[in-house]
Amino acid sequence: MDELGAKMGSMLDDYNAVSKRPMSLVLFPFAIEHITRILRIIKSPFGNALLVGVGGSGRQSLTTLATAIAGYGLYQVRSLIHPSIDPYLYVSIDLSVYICTHTYV
């Protein structure tokens, strides 16, 4: 686990070196496990996941890091529309990860 943590730490440093929005993450063992799960999901054919948790739990940050490690593009879609309209209908034919956040105003 120590080697994996060191490798993920270096990947985070690589991401921060080229990113416009660097992240300061603490990669504790539970976070590393989640990053590896997200990586396994997005690297599998037609892989998709619904990450559920309270605000500030790290879903977006860990997904962003996993996407950078996988070498995929990341697109963040924010929806400020009425709840009856489905904002999650997105089709991607390239290797991309879409983060959809839904905020009701």
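Below are the figures for this structure:
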{"read-out": "Residue list for the stretch 42-57, filter: within 22 Å of Val26 (Cα to Cα) and either more than 11 Å from the chain's Cα centre (by Cα) or modelled with pLDDT under 80 (or both)", "value": "Val52, Gly53, Val54, Gly55, Gly56, Ser57"}
{"read-out": "Index of the failed condition, Ala17 passing every other in (1) small (Gly, Ala, Ser); (2) touching a Lys or Arg at 6+ places or on another chain (Cβ under 9 Å); (3) modelled with pLDDT of 90 or more", "value": "(2)"}
{"read-out": "From Ile42, Ile35, residue being closer than 15 Å to Ala70 by Cα, in contact with a strand residue (DSSP E or B) (Cβ under 9 Å, 6 or more places away or on another chain) and surrounded by 14 or more Cβ atoms within 10 Å (Cβ to Cβ)", "value": "Ile42"}
{"read-out": "Pairs where the first residue, in the stretch 15-26, is in contact (Cβ under 8 Å) with a residue 24 or more places away in the chain and the second is of a type outside the set (S, T, N, Q) and not in a helix (DSSP H, G or I), C-beta under 8 Å, 6+ apart", "value": "Tyr15/Pro22; Tyr15/Met23; Leu25/Gly58"}
{"read-out": "Those residues of the stretch 1-32 which are exposed (fewer than 12 other Cβ atoms within 10 Å of the Cβ), basic (Lys, Arg) and farther than 14 Å from Gln60 by Cα, in sequence order", "value": "Lys20"}
{"read-out": "Test: residue in the stretch 58-75 that is farther than 16 Å from Ile42 by Cβ, more than 10 Å from the chain's Cα centre (by Cα), modelled with pLDDT of 60 or more and not basic (Lys, Arg)", "value": "no"}
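The values are calculated or read from the model by the stated rules, or taken from the named source; none is laboratory data. All of these numbers come straight from a predicted model, not from anything done at the bench. Because the Cβ atoms are built from the backbone with ideal geometry, glycine has one as well, and the counts that use them run over all protein chains shown.
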